[in-house]
Amino acid sequence: MANIVLSRIEKSFSQERVLKGIDLEIRDGEFLTLVGPSGCGKSTLLRIIAGLEAQNSGSVRIGERLVDGVRASDRDLAMVFQSYALYPHLTVKENMMTPLRLRDLSVAQRLPMLGRFLPGAAGKLKTMSQAVAETAEVLKIEPLLARKPGQLSGGQRQRAALGRAMVRRPVAFLMDEPLSNLDAALRVHMRTELSDLHRRLASTFIYVTHDQAEALTMSTRMAVMMGGEILQLDTPSRIYADPANRRVAEFVGSPK
Ligand code: ADP
Ligand code: MG
């Protein structure tokens, strides 16, 4: 397993400096939240880690690997968005199998010589079904596998989307405000679910939110971002007890 290290990440959109030299080391297996007000650059930073956006300067290392220029699909990360982005015409099971099929396809396309040595189609389908079944068990969504997204509640859809991200067994999960489309009660319930899931998977979670309560309850550590900079990185309790400055104190609602 691998830690993820960001060094001097800078990013501008036209004249606007959105990220001003971010240094951040994400530890293997931690639940790290990137928290800060809307527009401070959280999504941009997450997209750079994911490989969906290129930084202007600085580097991203995943484990031993420098991934600058490596495309998103080759970074072994799973990205969960706030919109569920499930295919409406496919069942949950078929949705969960899609990334596995895509991966096989892209390997075969890029390395045509390898295609001959890939295991037979029937065997491969069985392995995919197994991966989906195991993931469904962890998420407790076995009863939903035959349904289509239109037949699911918001929380169930969120779990199915998470399932689709999980079947590839990524090095880390990147989540951008994944609960923001849910109603308040379900959002609070899903916090506990995500914390449990993180414990069971023992995988790295990088979680973006503008909701300080969400960050305070779920994270191992939180990085408080403002104006394209990380102002403080520490455990929620230490940040709350000893905020680095007044802006951080106000944001997390600390009495200091
Ligand atoms: P956050 O996720 O913290 O709300 P973002 O990373 O989405 O913030 O955006 C940070 C700033 O960068 C905002 O001012 C936003 O308008 C700008 N921005 C983000 N993406 C783009 C883009 N593709 N083109 C131009 N400006 C962008
Ligand atoms: Mg955002």
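Of note:
- Residues that are away from ligand 1 (no atom under 16 Å from the Cβ) and of a type outside the set (A, V, I, L, M), drawn from segment 9-35: Asp23, Glu25, Arg27, Asp28, Gly29, Glu30, Phe31
- Residues within segment 14-71 that are away from ligand 2 (no atom under 16 Å from the Cβ), touching a helix residue (DSSP H, G or I) at 6+ places or on another chain (Cβ under 6 Å) and either basic (Lys, Arg) or in a helix (DSSP H, G or I) (or both), tallied: 0
- Flag for Glu229 being in contact (Cβ under 8 Å) with a residue 12 or more places away in the chain and farther than 26 Å from Pro99 by Cα: yes
- Criterion (within 16 Å of ligand 1 (Cβ to nearest atom), in contact (Cβ under 8 Å) with a residue 40 or more places away in the chain, polar (S, T, N, Q) and out of contact with any Gly (no Cβ under 8 Å at 6 or more places or on another chain)) met by exactly one of Ser180, Ser219: Ser180
- Residues that are within 11 Å of ligand 1 (Cβ to nearest atom) and either among the hydrophobic types (A, V, I, L, M, F, W, C) or touching a Pro at 6+ places or on another chain (Cβ under 7 Å) (or both) within segment 41-55 comprise Leu45, Leu46, Ile48, Leu52, listed in sequence order.
- Residue in segment 185-198 that is in contact with a strand residue (DSSP E or B) (Cβ under 7 Å, 6 or more places away or on another chain) and within 15 Å of ligand 1 (Cβ to nearest atom) present: no
- Of all residues in segment 72-82, those satisfying the criterion of being in a strand (DSSP E or B) and either within 16 Å of ligand 2 (Cβ to nearest atom) or at pLDDT 95 or above (or both) are Met79, Val80.
- Checked against (1) more than 16 Å from ligand 1 (Cβ to nearest atom); (2) under 18 Å from the mean Cα position of the chain (by Cα); (3) among the charged types (D, E, K, R); (4) crowded, with 16+ Cβ neighbours inside 10 Å, Lys93 meets all criteria but (2).
- Qualifying residue in segment 194-210 (condition: touching a residue at least 12 places away in the same chain (Cβ under 8 Å) and over 27 Å from Thr44 (Cα atoms)): yes
- For Thr135, the test of being over 13 Å from the mean Cα position of the chain (by Cα), hydroxyl-bearing (Ser, Thr, Tyr) and loosely packed, with under 14 Cβ neighbours inside 10 Å is failed.
The values are calculated or read from the model by the stated rules, or taken from the named source; none is laboratory data. None of the values given here were measured: they were computed from a predicted structure. Using ideal geometry, Cβ is built from the backbone for each residue, glycine included, and neighbour counts are taken over all protein chains shown.
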